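Undergrad: There's a structure below that I have some questions on.
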Amino acid sequence: MNGPLPELPDVLVLGLPRLTAGFDDAARLDRRAHLAVHGSMPVLGQDELTRLAEAVALRGRGGAGFPFARKLRAVGGAARRRGARPVVVVNGCEGEPACRKDAVLLRRAPHLVLDGALLAAEALGARTLVVGVTRAGAEASVREALGERGLSARRGRAVRARVVRLPERLVSGESSALLRAAGGGPALPPGRRGHATTAGLGGLPTLLSNAETYAQLALAARLGAPRYASTGAPDEPGTVLLTVSGAVPFPRVVEAPGGVALSYVLAQCGAGVAPQGVLVGGYHGGWLDAAAAAGTALSRGALAARGAALGAGAVLPLSGDTCPLGEAVRVAHWLAAESAGQCGPCRLGLPALAGALADVVAGGGRGALEAVREAAGAVRGRGACGHPDGAARFALSALTAFTDDLAAHVLGGGCGRPTAGLLPLPAGGRPEPGNESGQRLAVDWTLCEGHGLCADLLPELVRMGADGFPALADTGVPGHLRGRAQRAVRRCPALALRLDSR
């Protein structure tokens, strides 16, 4: 798999379809088709809904895996104490290139997501529903679904619903960035950490979870706890949606029972018998080496025992014909360029981390390896949001999972394999969304004098190498950095820096 994932990958069902029921019959389930497949929704009070979420062990499917019942209690309690109506927010923002499961749900089964969100809104007494998305197809599908239900932002309705479109960036999926954008601000984390359950959108208690979580809630309400738990593991009932890409013939969104063996999922997706490693949880997740991947299940407990987590459900195996550390360097540079630019650990620390990892692969020796660990330690726990922590976790887990390759690069002449680019990134055969010009920084080395002004102006993409000359990230210029990239080009004293079309 090279280049960006398609917006709507094929769907593979391992077992009986639940979230994906009806997908064989329609490209998109409109209101009538949705009711024919799933039936009508029950009405549950707040206590009933909370007990149901507890009985099926429902947790958030967007990354952190927070227990949904605890969120319901916290929002309901805060609303009662303040005498305020809470808000319900659906996070359908997938700014990570390796994730598509929520896009598939919102495009193909939008009413299932709305069922769960409206069920929670009614139970909590909320009158405002907001759905955040990053892709045009998801926005159109949700707007159409709201129209099919007669919901809009107009007054006089029991629930006023609206859709908010955010830029397709990694930080857009951060909950505080979504709330800030929904309130009319920029789609960036605000730089301070708080609890949406007590003071979220508009300062009101806010129930915020991702699209799959609300779809799972709708299924549990229809099926009841015993039937819902008839699929999956005892401690993780139901199904889970995964986006599987990397070393597979083509990417898929997979619906599988909770606790399924990772090796079974990979085999069904055509990833081969023994990939050299698997990235679980996406680009804020962790790597598993071949032995760990072969012996683990896709459950919280099994993954936690190996230092990993399912996160937003991205699963990316690597074949043995690519350099895994080289793949990690590509992603580390992209993560650095995705910085919100609001705090030093992110804006300066992540480029330093990516550069140190690149030095390791280039044969920088033990000094480069120590620099990776120091850079990771310098950003962890110090960012305005969770992005620096996730990037550090990704980089450090690569060092742990691929020890043989690490030794070859640190102590020898490298692993001898090229970097095939199996991990999907926006840069590729076509420009990524938000980077329609498809530009990349380049240096005319016959002119460059190593002034370093470019690294000062654009640390996300340029750093000064050990030789005193700039080293450029192996990534395109994202749209949010284009202005500063143009400024760096204009201010280069030697006129050596330029922007090339890819």
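Undergrad: Return the whole-Å distance between the Cα centroid of segment 212-276 and the Cα centroid of segment 1-56.
TA: 13 Å
Undergrad: In addition: Which helices, counted as full DSSP H runs in the chain, have an axial Cα extent of no less than 15 Å and a Kyte-Doolittle average of -0.5 or above? Before the final figure, lay out each step's value.
TA: Numbers: long enough: 68-82 (21 Å, -0.61); 110-124 (21 Å, 1.21); 136-149 (20 Å, -0.42); 211-223 (18 Å, 0.53); 324-337 (20 Å, 0.65); 349-361 (18 Å, 1.62); 365-379 (22 Å, 0.27); 387-401 (21 Å, 0.31).
Correct list, ordered by number: 110-124, 136-149, 211-223, 324-337, 349-361, 365-379, 387-401.
Undergrad: Restricting to bridges with both residues inside segment 99-239, how much of the DSSP beta-bridge set is antiparallel, in percent to the nearest 5? Could you put the intermediate results ahead of the total?
TA: On the way: 2 of 8 bridges.
Counting only bridges with both partners in segment 99-239, antiparallel ones make up about 25 percent.
Undergrad: Further question on the same structure: Equivalent ellipsoid semi-axes for the chain, as square roots of 5 times the alpha carbon gyration tensor eigenvalues: give them largest first, rounded to whole Å. Walk me through the numbers on the way to the answer.
TA: Numbers: eigenvalues 310, 136, 80 Å².
Taking √(5λ) for each Cα gyration eigenvalue gives 39, 26, 20 Å.
Undergrad: Keeping all protein chains in the complex and leaving out DNA, RNA and ligands, what accessible area do you get for Glu449 with a 1.4 Å probe, in Å² to the nearest 10?
TA: Here the residue's solvent-accessible area equals roughly 120 Å².
Undergrad: Next up: For Leu201, tell me the accessible area in Å² from a 1.4 Å probe, rounded to the nearest 10.
TA: For Leu201, the solvent-accessible surface is approximately 20 Å².
Undergrad: Right, here's the next one. Mind listing the long-range amide H neighbours of Met464? Cut-off is under 5 Å, sequence gap 5 or more, other chains count too, H placed in the peptide plane at 1.01 Å from N.
TA: For Met464, the qualifying residues are Ala471.
Undergrad: Which value, in Å² rounded to 10, gives the accessible area of Arg498 with a 1.4 Å probe and all protein chains present?
TA: So the heavy atoms of Arg498 present about 100 Å² to solvent.
Undergrad: Oh, and also: When the chain is fully extended, how far beyond the present Cα-Cα distance does Ala64 get from Ala304, taking 0.36 nm per residue of separation? Numbers along the way, then the final one.
TA: Details: separation 240, 0.36 × 240 = 86.40 nm, distance 1.25 nm.
Taking 0.36 nm per residue and subtracting the Cα distance, the gain is 85.1 nm.
Undergrad: Assuming a ≥ b ≥ c are the square roots of the Cα gyration tensor eigenvalues, decide whether segment 51-161 counts as rounded (a/c under 1.5), prolate (otherwise, with a/b larger than b/c) or oblate.
TA: Values: a/c = 2.00, a/b = 1.17, b/c = 1.72.
In terms of gyration-tensor shape, oblate.
Undergrad: Shape verdict for segment 13-109, please, from the Cα gyration tensor: rounded (a/c under 1.5), prolate (a/b greater than b/c) or oblate. Intermediate results must be reported in sequence, preceding the final value.
TA: On the way: a/c = 1.98, a/b = 1.55, b/c = 1.28.
In terms of gyration-tensor shape, prolate.
Undergrad: Whenever you get a sec, line up His409, His38 from highest to lowest accessible area (probe 1.4 Å, protein heavy atoms). Working shown, then result.
TA: Values: His409 10, His38 35 Å².
Reading off the accessible areas and sorting them downward yields His38, His409.
Undergrad: Compute the distribution of all C-alpha to C-alpha distances in segment 233-309, in bins of 5 Å from 0, and list the percent of pairs in each, rounded to whole numbers.
TA: 3, 16, 29, 29, 18, 4, 0
Undergrad: Need one number: % antiparallel among DSSP beta bridges in the chain, to the nearest 5.
TA: Values: 26 of 49 bridges.
Close to 55 percent.
Undergrad: Summing -39500 (n - 2.57) over the DSSP H runs of n ≥ 4 in the chain and dividing by its residue number, what mean residue ellipticity at 222 nm do you reach, to the nearest 500 deg cm²/dmol?
TA: Numbers: 20 runs with 197 residues, N = 502.
Taken over the chain, the calculation gives -11500 deg cm²/dmol.
Undergrad: Follow-up question, since we're still on this one. Using heavy-atom solvent-accessible surface (probe 1.4 Å) with all chains present, what is the largest-first order of Asp115, Asp500? The partial results should precede the final answer.
TA: On the way: Asp115 10, Asp500 55 Å².
From most accessible down to least: Asp500, Asp115.
Undergrad: What FRET efficiency comes out for Arg160 versus Trp445 if R0 is 51 angstrom and r is the Cβ-Cβ distance? Round to the nearest 0.05.
TA: Numbers: r = 58 Å, r/R0 = 1.14.
The value I calculate is 0.30.
Undergrad: Apply the a/c threshold of 1.5 to the C-alpha gyration tensor of segment 353-431 and tell me whether it is rounded, prolate or oblate. Let's see the in-between values first.
TA: Details: a/c = 2.16, a/b = 1.12, b/c = 1.93.
Taking the square roots of the gyration eigenvalues as a ≥ b ≥ c, segment 353-431 is oblate.
Undergrad: While we're here: Which length gain, in nm to one decimal place, applies between Phe469 and Arg85 when the Cα-Cα distance is subtracted from 0.36 nm times their residue separation? Mind showing how you got there, number by number?
TA: Values: separation 384, 0.36 × 384 = 138.24 nm, distance 5.75 nm.
Full extension from Phe469 to Arg85 adds 132.5 nm.
The values are calculated or read from the model by the stated rules, or taken from the named source; none is laboratory data. Since we're looking at a predicted model, the values are computed, not measured. Cβ atoms come from the backbone with ideal geometry, glycine included; neighbour counts cover every protein chain shown. Only protein heavy atoms, including side chains, enter the accessible area calculation; ligands, DNA and RNA are left aside. Shrake-Rupley method; radii C 1.70, N 1.55, O 1.52, S 1.80 Å.
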